[in-house]
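Read through the structure below, which is laid out as structure tokens, and then see the notes.
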Amino acid sequence: AIRVSSNATISGPMSVFGDLIIEDGISLTITSDVYFSEYSSIIVKPHAKLIVDGGTLTNGCGDFWKGIIVYGGNTDFDVEIKNSARIYNTSKAAVSMFSPESWPLAGNYGNGILHAENSTFNNCRRMVEFMSWSPMPNTSDIRGCVQKGGKWGITNWNCQGIEVTDNIFNGMSSSCIVSEAGSFEIVNNFFKSNENDILFNNVSAGFESHIDYNSFYGSNFG
């Protein structure tokens, strides 16, 4: 594993064959192309930050890599993806808010915050999976992004108020947005899935969602 223990920027091409671990409270910015093995993840420890600023995260050997895993803990953001950044070919979520800890320690983490803008996610099993162990406000936003291919777009357990605006979700083999007691602001997106564009399994958390001005082309239902 490569451990990042002081604030740093990766500005040239790099290949990573283990995990890339950003230690507690540290910020890593990636502006270049970084290639990962099929067993590799980026692990964002508590209060750490990952900024992908126009860079590319993709597989280097093997067909996939495992994506970004986030512990959470910041009030502004934990992961920021912007300026035509690209994330390709993840076997799991491109960004996962499920920490890798086992229970009960995992209960100390979650509700991580993602800001993604004007970036591309191709052939990722999910764009992002949000989670909180109980219903909690979450200031994440996904704006002007494109996801092509994969099984799901965004899945959400218990996170409230996530903004999804001006995005294109094209070719999901299952559903574009799935919520399990989470809530959203879903505005002006293009959806095309092989099942349901938006699927709310459970809306009992008591926080309303707003769904406006979207285009639905799902094979079953919008």
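The values are calculated or read from the model by the stated rules, or taken from the named source; none is laboratory data. Please read these numbers as outputs of a predicted model, since none were measured by experiment. Don't worry about glycine lacking a Cβ; one is built from the backbone with ideal geometry, like all the others, and counts go over all protein chains shown. Protein only, heavy atoms only, side chains kept; ligands, DNA and RNA dropped before computing areas. Shrake-Rupley method; radii C 1.70, N 1.55, O 1.52, S 1.80 Å.
Can you tell me which residue within the range 117-167, out of those that are outside any strand (DSSP E or B), more than 17 Å from G67 (Cα to Cα) and small (G, A, S), is least open to solvent (accessible area, probe 1.4 Å)?
S140
So, A85, is that one touching a strand residue (DSSP E or B) at 6+ places or on another chain (Cβ under 9 Å), closer than 21 Å to S175 by Cα and aliphatic (A, V, I, L, M) or not? Quick ask: steps written out before the conclusion?
Values: touching a strand residue (DSSP E or B) at 6+ places or on another chain (Cβ under 9 Å): yes; closer than 21 Å to S175 by Cα: no; aliphatic (A, V, I, L, M): yes.
For A85, the condition - touching a strand residue (DSSP E or B) at 6+ places or on another chain (Cβ under 9 Å), closer than 21 Å to S175 by Cα and aliphatic (A, V, I, L, M) - is not met.
So, in the range 58-84, exactly how many residues are on the phi < 0 side of the Ramachandran plot and either at pLDDT below 95 or over 13 Å from the mean Cα position of the chain (by Cα) (or both)?
Count: 10.
So S179 fits all but one of (1) at pLDDT 95 or above; (2) open to solvent by less than 50 Å² (accessible area, probe 1.4 Å); what number is the exception?
(1)
Tally time: how many residues in the range 178-195 are under 17 Å from the mean Cα position of the chain (by Cα) and part of a strand (DSSP E or B)?
Qualifying residue count for the region: 6.
Name every residue in the range 50-65 that is in contact with a Phe, Trp or Tyr (Cβ under 7 Å, 6 or more places away or on another chain) and either open to solvent by 30 Å² or more (accessible area, probe 1.4 Å) or closer than 13 Å to F98 by Cα (or both), in order of residue number.
N59, G60
Just to be sure, is Y35 in a strand (DSSP E or B) and either touching a Ser or Thr at 6+ places or on another chain (Cβ under 7 Å) or not small (G, A, S) (or both)?
yes
Check S204 against each of (1) assigned to a strand (DSSP E or B); (2) polar (S, T, N, Q); (3) at pLDDT below 95 and name the one condition it does not meet.
Single failed check for S204: (1).
When you check S15 against the structure, is it open to solvent by 30 Å² or more (accessible area, probe 1.4 Å), polar (S, T, N, Q), assigned to a strand (DSSP E or B) and touching a residue at least 12 places away in the same chain (Cβ under 8 Å), yes or no?
yes
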